[in-house]
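The values are calculated or read from the model by the stated rules, or taken from the named source; none is laboratory data. Since the structure is predicted, the reported quantities are computational estimates derived from the model, not experimental observations. In this analysis, Cβ positions are derived from the backbone assuming ideal geometry, glycine residues included, and neighbour counts consider all displayed protein chains. Surface accessibility is based on the protein's heavy atoms, side chains included, excluding ligands, DNA and RNA. Shrake-Rupley method; radii C 1.70, N 1.55, O 1.52, S 1.80 Å.
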Amino acid sequence: MMTGNIQTGKKQLLTIVLFTGIGVILTGALSLCFRPYTEHGYQYQDVHKKQEEFRYLEDQKDVVFLGDSIAWAAYSPEYFWQETGIPSYSLATSGQWIGDGDLILESYLDHQTPRIAVLDANSLYTRLSRAKYMLSQVLPVFHYHFAYMAPMGPEVKDPRRGFNSSEVISPYTGDPAYMNTEIPLQPMSSMAEEKLNQMDDVCRRKGITLVLSCAPNPSAWNRGRHDAVQAWCDIHQVEFVDYNLSDIGIDWQTDTRDGGEHLNDSGAHKVCSHLSRHLFETYGMTDHRHDEKYQEWNKEYGGGN
């Protein structure tokens with residue numbers, strides 16, 4: 001009787017090992033099918049869509065903007081052009097994680113080489129655990145099993161050049177002195193810092209100036225985050241322009257679309273007015289409004305008079 005139980009137990013164990021082995025093999029095989037999707041980042045659909053836009057860019061951009069929806073709503077190529085004649089493009093996507101920002105920038109650099117890359121620092125705090133990210137890379141079937149990449153379609157030009165425009169007004173009713181509150185240092189995650197270092201390295205190799213900025217954002221930004229980003233910038237000799245600390249005339253009754261998280265067009269215009277002039281004067285940018293190659297910009301946005 002005892003011998004029979006042992007034999008039955010061995011068979012059950014063998015069955016479990018066998019099916020586990022088959023499961024591992026099948027998971028690995030399926031993951032090979034999904035591995036190409038990892039080239040489009042963790043938020044693969046947004047990254048892929050942005051990468052598709054690069055096929056339609058012809059004229060050279062001197063400045064590109066990277067970041068999540070905070071950047072998407074704050075940095076307008078139209079306003080940059082109207083203020084200083086700097087041609088620019090927004091590579092921002094909703095919820096953009098810094099690792100995906102790296103991929104988008106490197107894909108963009110296969111097509112163009114801007115002089116300046118402006119990264120909005122809020123994307124450094126988009127949380128993604130290292131374990132979850134590594135699982136998506138090692139066994140992509142678990143993260144990308146719903147993946148679908150739309151095929152390349154006919155050219156559809158974005159008149160906003162990546163900017164997310166909104167004239168909606170929804171006031172911020174919180175404390176306008178939110179940056180005066182003393183908060184302990186809030187470091188970015190180690191993985192976010194690794195990806196930021198990688199972006200910095202890419203820019204240096206390509207001769208691109210990396211500038212960190214942060215659009216006014218009382219819903220998420222604070223002194224602790226500012227101090228952490230400033231510390232990184234001091235070490236790496238990268239400029240940090242934090243508009244949560246700069247007086248550029250933001251009116252919280254009129255310049256936000258959703259109660260303080262994202263700027264509307266009025267607020268974006270104030271940020272772009274200052275930032276474009278700052279970049280123009282600090283880094284010796286060129287005003288292209290009288291350049292024959294950029295007359296299409298004048299037709300779309302005005303200028304050149």
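Keeping all protein chains in place, calculate the accessible area per residue for region 216-256 (probe 1.4 angstrom), answer in Å².
41 Å²
I'd like the FRET efficiency for E106 and K49, computed as 1/(1 + (r/R0)^6) with the beta carbon distance as r and R0 of 22 Å, rounded to 0.05. Present the calculation step by step, with values, prior to reporting the outcome.
Working: r = 16 Å, r/R0 = 0.74.
So the FRET efficiency works out to roughly 0.85.
Of K270/K299; K195/K299; K195/K293, which pairs sit farther than 27 Å apart, going by alpha carbon to alpha carbon? Intermediate values should be presented prior to the final figure.
Details: K270/K299 22 Å; K195/K299 38 Å; K195/K293 35 Å.
Exceeds cut-off: K195/K299; K195/K293.
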*Using 0.36 nm per residue of separation minus the Cα-Cα distance, give me the extension gain between S246 and E281 in nm, one decimal.*
10.9 nm
*Multiply the residue gap between S170 and E194 by 0.36 nm, knock off their C-alpha separation, and tell me the result in nm, one decimal place.*
5.0 nm
*Taking the Cβ of S166 as the center, what net charge do the other residues with Cβ under 9 Å away carry, scoring Lys and Arg +1 and Asp and Glu -1?*
-2
*Check cross-link reach from K157 to the aspartates and glutamates: straight Cα distance under 16 Å, and skip same-chain residues fewer than eight apart.*
E52, E53, E58, D59, E78, E296, E300
*How much length is gained if the chain between Q186 and K293 is pulled fully straight, taking 0.36 nm per residue apart and subtracting their Cα-Cα distance, in nm to one decimal?*
34.0 nm
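Share of region 225-305's accessible area from carbon and sulfur, percent, 1.4 Å? Don't skip to the answer; put the middle values down first.
Numbers: 1720 of 3960 Å².
The nonpolar share, carbon plus sulfur, comes to 44 percent.
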_Label zone at D234 (point 7 Å along Cα-to-Cβ), backbone N below 16 Å, region 187-217_ = 187-188
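Based on the Cβ-Cβ distance from Q253 to R127, what FRET efficiency comes out when R0 is 45 Å, to the nearest 0.05? Intermediate results must be reported in sequence, preceding the final value.
On the way: r = 31 Å, r/R0 = 0.69.
In this case the efficiency is close to 0.90.
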